[in-house]
1. Report those helices (runs of 4 or more DSSP H) wholly inside segment 493-598 carrying at least 2 residues which are outside the structural domain of residue 445 (by TED's automatic domain parsing), of a type in the set (Lys, Arg) and in contact (Cβ under 8 Å) with a residue 24 or more places away in the chain.
2. So how many residues does segment 274-314 have that are surrounded by fewer than 18 Cβ atoms within 10 Å (Cβ to Cβ), among the small types (Gly, Ala, Ser) and more than 16 Å from ligand 2 (Cβ to nearest atom)?
3. Inspect all residues belonging to segment 746-755 and state whether any of them is modelled with pLDDT under 95, of a type outside the set (Ser, Thr, Tyr) and in contact with a strand residue (DSSP E or B) (Cβ under 8 Å, 6 or more places away or on another chain).
4. Inside segment 90-115, can you point out the residues that are buried (at least 24 other Cβ atoms within 10 Å of the Cβ), among the polar types (S, T, N, Q) and over 27 Å from the mean Cα position of the chain (by Cα)?
5. If the requirement is being more than 22 Å from residue 709 (Cβ to Cβ) and among the charged types (D, E, K, R), which of these qualifies: 537, 566?
6. Within segment 264-273, identify whether any single residue is at pLDDT below 95, touching an Asp or Glu at 6+ places or on another chain (Cβ under 9 Å) and either within 16 Å of ligand 2 (Cβ to nearest atom) or within 22 Å of residue 28 (Cα to Cα) (or both), and answer yes or no.
7. Please count how many residues of segment 667-690 are touching a helix residue (DSSP H, G or I) at 6+ places or on another chain (Cβ under 7 Å) and either under 21 Å from residue 538 (Cα atoms) or within 12 Å of ligand 3 (Cβ to nearest atom) (or both).
8. Report, by residue number, each residue of segment 710-744 that is touching a Leu at 6+ places or on another chain (Cβ under 7 Å) and within 14 Å of ligand 3 (Cβ to nearest atom).
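The values are calculated or read from the model by the stated rules, or taken from the named source; none is laboratory data. In this text, all values refer to a predicted model and were calculated from it rather than measured experimentally. Because the Cβ atoms are built from the backbone with ideal geometry, glycine has one as well, and the counts that use them run over all protein chains shown.
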Amino acid sequence: QKQVFSFQEGSAFMRNLLGGKGANLAEMTRAGLPVPPGFTITTEACLTYFQQDHMISDALLRQIIDALNRLEKEKGERFGDETGPLLISVRSGSVTSMPGMMDTILNLGLNDATVAGLASKTNNPRFAYDCYRRLIQMFGNVVLGVESYHFETLLHRIKQRHGTARDQEVPAEGWLELIEEYKMCIRKESGRSFPQDVYDQLKMAVEAVFQSWNNPRAKLYRKLNRIPDSQGTAVNIQSMVFGNMGSDCGTGVVFTRNPSTGENHFYGEYLMNAQGEDVVAGVRTPKPIASLKQDHPELYDRLYEAAKQLERHYKDMQDIEFTVEKGKLYLLQTRTGKRNAQAALRIAVELVREGLLSKEEALQKIEVAHLDQLLHRGIDESAVLDIVAAGLPASPGSAAGQLVFDADTAAEWKKAGKLVVLARPETTPEDIHGVMASEGVLTSRGGMTSHAAVVARGMGKPCVCGCEQLRIDAEEKRMMAGGRTWSEGDWITLDGGTGRVIAGAVPLKEAEMTEELLVILQWADEVRALRIRANADNPVDARIARQFGAEGIGLCRTEHMFFAPDRLPVVQQMILADHDEERKAALEKLLPMQQSDFEGIFEEMDGLPVTIRLLDPPLHEFLPQAADLQEKLHALQSEPEPKESEIEEVGRLLKKVQSLHEANPMLGHRGCRLGIVFPEIYAMQIEALFHAAANCTGRGIAVLPEIMIPLVGHASELKLFRELADRLAKRIDPEGRLPYRVGTMIEVPRAAITAHQIVEYADFFSFGTNDLTQMTLGYSRDDAEGKFLTHYLEQKLLPDNPFQVLDTEGVGRLIEWAVRAGRNHKPELKTGICGEHGGEKESIRFCHQTGLDYVSCSPYRIPLARIAAAQAAI
Ligand code: ADP
Ligand code: MG
Ligand code: MG
């Protein structure tokens, strides 16, 4: 079996086998771009390695050596040649890009003998020893597991000894000293020696790259980005080109468009006289690519041409690594550039306008999760801003939080419910869980393409980096600037769009819809079949929803209106009533309140359907906690002059609360079961709805109310309320002018199974997938998420949290069944979902495929749902 492919043999279509980096190196080679030659060991070989007890088979080894021999011929150099060796890089490369998560080793093939050969052949000992010390450090770290800081400390000392702060000024003798110190350090820390046999180096490096697939940060990254663990990584072996050979050499990273704004201009950074990882690691702060245009215009032009060629080829913005050796340009990597939502939209729109993409292709490229970012906040500029420093605007959006200086604390504080901002001198891939936990990230070193920036952008977190005015002391947990000091826990605000760092917690304001988003949404609307409604409980949310493009309200929860401070006492009065008279009195007070709520919503949704769900939660949710009442009672009784009437009042309340106590409220007296026991509550709500509809209609507003009965499990329940609604409609609107519908939530499995019976009384089914999921899986949501669900997810017993991503195989089957049965009996039946899943892209895809009429989600997720619905339809 072929497990090794040269760059000439591969192509972009072989991504699964060669990994993204390998496939693209091959594709660039085919396109005639200047790529140093090399070959790729397949992901299959990696998986085989894991299966076969972590052993590189002889067959694989032979294929590697063969490919290496061919590379030697092509380059006219020999691996391990003491008079001037072929040097190679051993680079990880997974199928799905995981920037910085796995390992790469450069300058492989150097040892005490070949380094001398390299020095004399290039007539540049300083360069040769620079390569060697880099190899020993990378090899020591990646293969032999010696922590980087050991090397950093030694490097720092060498620089001090030679009176410089800059790597590129260390003389050859300095590197020679460092090389010996590094070797000693490796012996001390790992108990092993840096291998002098170059074939040992190669074999160990390949194994280490295979194994880096399973390092903790790579695993976490995969989990976060839902990348399957079963892919494995490819390994790319490539002849070295050197950006560290002198001042006509360099290395850098460019994006063909700005990944923060999407503007169509070249964007990137470079360093002269440096090797690849210097730029991304943030050890030196690089120069903006614009200065390359000034300093080396021809080089810039060549780079620009190549980059644009790649962009046209891949029909998308590219993120490109390049190196210049003695004035000659080489491309070392290209991939689809990570970008934030704003940039994604702008790029998509402009690529369509430039004729590179069709609208459908552009829509497919939008990452729905990224749209969340757009609905991110910005600084309220009218506030007084105490600007402390300005760094690079690496990832837009604003964040306020309490300062923390290490990733673990960030994670802990986040768990404790705090908002944190992670400040680090620079971030490394080990900090990823801290970045995840924080509202935003701040670094004092590193450029726009540094690790912190890349990771933050990917997660849609605000990030300010390279903020050199700040001294961030992670050991002491302090940050200093302009004579001021901030400690752990102090509040700070970041503006990732401008790079400002602001003291204190600045008020933030919500974002608006950009022009590009409106264009994309327009395209999405042309394509999608699903209608998008909103879950909105009040006129303000209804207005926001409409602005975001809601085509109706799919769920208005009436109980939320009951919780308002002026209403709650009346609601309590209703619940506590001892007899019907008393309850009627309370309901009469509630009716006009409820009616005015409905009117407000109808006004906002003029011309669009509004689904109003009758009271759903168990009644005790409206009453104080028994323990609190007991305490209060106790306090009253122990007063010097106890007030009898008050005691009696509280005692009565306590009794009622106790009588309403349920062992399992989730399956208790809630939903339409309330309407069964207290029909006057539902009657009041329906009356209020019809009065509101009549009033609005009178004022020329088009009202399309839909009365939704929750938690129905049996057709007889719905029949009862259908009759009630019809009766009340006749009374309030004898001429039958008000259009209205009556329907039910399908959220009890029995309702789905008996849909053919229930549909007789229903004009619509709305799948309440939160409850339907709870009841189908038998998980109480509140208990599951806090307790056992994480175990299920970690052990991969479930693919996703079923409360986030619809369980299509289980819950989905019930939905399909109910839709089919319902439509068989009543073709005009309307169907939709209104659970949290209505705003989640995979679930939306399912709804489209099942032929539902609409999904309903929170107002802020509507743009996302519109695009997801379009993607499902393409
Ligand atoms: P990562 O996936 O972390 O970016 P890479 O394999 O791309 O790791 O390599 C890290 C750095 O080393 C990059 O800057 C890359 O351009 C550089 N590099 C890799 N191979 C070579 C090579 N053959 N010659 C010169 N530089 C290289
Ligand atoms: Mg790379
Ligand atoms: Mg429910």
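1. Numbers: elements: 515-527, 539-547, 559-562, 568-576.
Result: 539-547.
2. Total meeting the criteria: 2.
3. So far as segment 746-755 goes, no, none of its residues is modelled with pLDDT under 95, of a type outside the set (Ser, Thr, Tyr) and in contact with a strand residue (DSSP E or B) (Cβ under 8 Å, 6 or more places away or on another chain).
4. Answer for segment 90-115, where residues must be buried (at least 24 other Cβ atoms within 10 Å of the Cβ), among the polar types (S, T, N, Q) and over 27 Å from the mean Cα position of the chain (by Cα): 107, 114.
5. Working: 537 fails: more than 22 Å from residue 709 (Cβ to Cβ).
Just a single option satisfies the conditions, and that option is 566.
6. For segment 264-273, residues at pLDDT below 95, touching an Asp or Glu at 6+ places or on another chain (Cβ under 9 Å) and either within 16 Å of ligand 2 (Cβ to nearest atom) or within 22 Å of residue 28 (Cα to Cα) (or both): present.
7. So the answer is 11.
8. If the condition is that a residue be touching a Leu at 6+ places or on another chain (Cβ under 7 Å) and within 14 Å of ligand 3 (Cβ to nearest atom), then 710, 712, 744 are the ones that fit.
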